[in-house]
Amino acid sequence: AEDAIGSLVRFVPVEEKPCFYIGHAQGGSWRTFLDIIGGDVARLERFEAHGLDTRLSAEEFLSVFDGDHYDKLLHLLAREPDEIRAKVLFRVRRRNPSFGEQGPMALRPQDDRVNDAEGFDPGPQRPCRLPDGSALYVDLSAFVPPNHDFGPCLKNHFWHRIEEPIMRRRKEGTIMKRLDWRWEMVEEPENDWAFRQLFPVVRLIHGRFIRLGCSLGDLEFRTKDPAFKKRIRKWKNSKSLERELRAAERMMAAQDQANIRPLEPDLSRAELEGYPNVFWPHLVRLESGCIGMTAESASGDSNLLRRYSAWERENKNEDSFVPDPRILDYKIWSEAPPEFKPFLVWDDLFGRPGFRSPRDSDYEQAMSRKATAWWNDWMMPDILDCLEDDL
């Protein structure tokens, strides 16, 4: 907070703020009045009129950030110039793009038509009628029919449209700034919750269909209005919606039976974890010990090789990784698999190498899990030797 925001807004040392102590079984905590008010701006204004110090400390700023209190932050920055407020919000959203987002149900048809569901056909499905007169539908076009042209597909997988919205809070409410989508080879869901996550939701409002950038499984939990929640919950358990879900399930099964099968991967499922499954049949173990794709393993498909190269540049850095020199003298550096080395960092607390936290990407999350498992297995003989010596 000091580094990112302190150069724009002068933080007050928290020691200058009146604090009080809340005791509990975990040792208790110190809180300021500004912190305990939460996101209630009306309450904040009332106490401010009675003399509450509303200058921000770095700790209070982080409390506002963690609590997603968009309106409170705008109020506390009201004394700052418009340019400073804009820069603060930009840096906050760079860390958390969804800060202040009111949820998908706050979206309305936009003049720029970014969130229009062009070509959406609800067919015979019965919608969820909401108290404000709008209606919700599931979009079955996210499931492609058996005669698709997306290419080979692994067994027990199917081609599915993934939607990735970018939403922003504005004074007039929440807008959809962009909606990215892509077709991806997805594994058949293991349970009903995962299955419902596959259904994008479309809303009919003021005579226009708009995309909410939200799935059927998430919608109820991203809606704050109790009346809306009640209607959505009833709809999710209705027989009419169940018919639509079963139709999509049959479409998945038909596609799986008709799909052309790609080559069997040379590597195991554990080795391929973290890589997009469309690349699995073409990934090989390179001379460096890392996993990658070559022109030969890509079966001469230059487009596939280009797609993999673009993904690799964004996610992997074994070739360009520069390690901390303090790690190089340790045995772990020479014995760690090459793909795990970019995760090795120097742990100042313990004065030895350790593994860094992964970024929020499927590849890094998977590699971090594998690196941690390898670390535990690698350390276990030494731990057992120490235990035997103690005994």
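In this structure, the amide hydrogen of residue 355, modeled 1.01 Å from its nitrogen in the peptide plane, lies closer than 5 angstrom to those of 345, counting only residues at least 5 positions away or on a different chain.
Take every pair of alpha-carbon atoms less than 8 Å apart whose residues are at least six positions apart; their mean separation over the length of region 262-333 yields a relative contact order of 18 percent. For region 27-106, carbon and sulfur atoms together expose 52% of the accessible surface, with a 1.4 angstrom probe and every protein chain in place.
Taking GluC sites (Glu not before Pro) in DSSP loop states with no more than 12 other Cβ atoms inside 10 Å as exposed sites, the chain has its longest site-free stretch at 3-117. Ordered from longest to shortest, the equivalent ellipsoid semi-axes for region 22-173 are 43, 20, 17 Å, each the square root of 5 times a Cα gyration tensor eigenvalue. Think of each Lys and Arg Cβ as +1 and each Asp and Glu Cβ as -1; about the Cα centre, that makes the dipole of the chain roughly 2380 debye. Taking amide H atoms as placed 1.01 Å from N in the peptide plane, the amide H of residue 167 lies under 5 Å from those of 177, each 5 or more residues away in sequence or on another chain.
Entry note: region 136-223 has Rg to Rh equal to 1.01, where both radii use alpha-carbon atoms and Rh is the Kirkwood radius. Karplus-derived 3J(HN,Hα) values for region 216-228, using 6.51 cos²θ - 1.76 cosθ + 1.60 with θ = phi - 60°, are 4, x, 8, 4, 4, 8, 10, 10, 8, 6, x, 5, 5 Hz; glycine and proline are entered as x.
Per residue, what volume in Å³ does the Cα convex hull of the chain take up?
242 Å³
In the chain, a dipole from Cβ-located charges (positive for Lys and Arg, negative for Asp and Glu) runs towards its positive end, and of 140, 189, 254 it is 140 whose Cα lies farthest in that direction.
With a 1.4 Å probe and every protein chain kept in, tell me what percent of the accessible surface of region 139-254 is carbon plus sulfur. Roughly 53 percent, rounded to a whole number.
Listed cross-link partners 155/239; 177/234; 177/224; 72/236 are compared with a 24 Å cut-off, the Cα-Cα value being larger for 155/239; 177/234; 72/236. By the helix-only formula, in which each DSSP H run with n ≥ 4 contributes -39500 (n - 2.57) and the sum is divided by residues, the chain has a 222 nm mean residue ellipticity of -10500 deg cm²/dmol. Solvent-accessible surface of region 32-91, taken per residue with a 1.4 Å probe and all protein chains present: 53 Å².
Close amide-amide hydrogen proximity is noted between residue 181 and 164, each under 5 Å apart and 5 or more residues distant or on a separate chain (H modeled in the peptide plane; Pro and chain starts excluded).
Solvent exposure of region 236-391 amounts to 62 Å² per residue of accessible area, where only protein heavy atoms count and the probe is 1.4 Å.
Could you tell me which of rounded, prolate or oblate describes region 230-384, using a ≥ b ≥ c as the square roots of the eigenvalues of the alpha-carbon gyration tensor, with rounded for a/c under 1.5 and, failing that, prolate when a/b is larger than b/c and oblate otherwise? It comes out oblate by the Cα gyration axes.
Loop-resident trypsin sites (Lys or Arg not before Pro) (DSSP state other than H, G, I, E or B) in region 282-376 with no more than 11 further Cβ atoms inside 10 Å of their Cβ: 359.
The values are calculated or read from the model by the stated rules, or taken from the named source; none is laboratory data. Computed from a prediction, not measured in an experiment: that's the story for all the values here. We place every Cβ from the backbone using ideal geometry, glycine too, and count neighbours over all the protein chains shown. The protein model used for the area step is the full one, side chains on, heavy atoms only, and it has no ligands, DNA or RNA in it. Shrake-Rupley method; radii C 1.70, N 1.55, O 1.52, S 1.80 Å.
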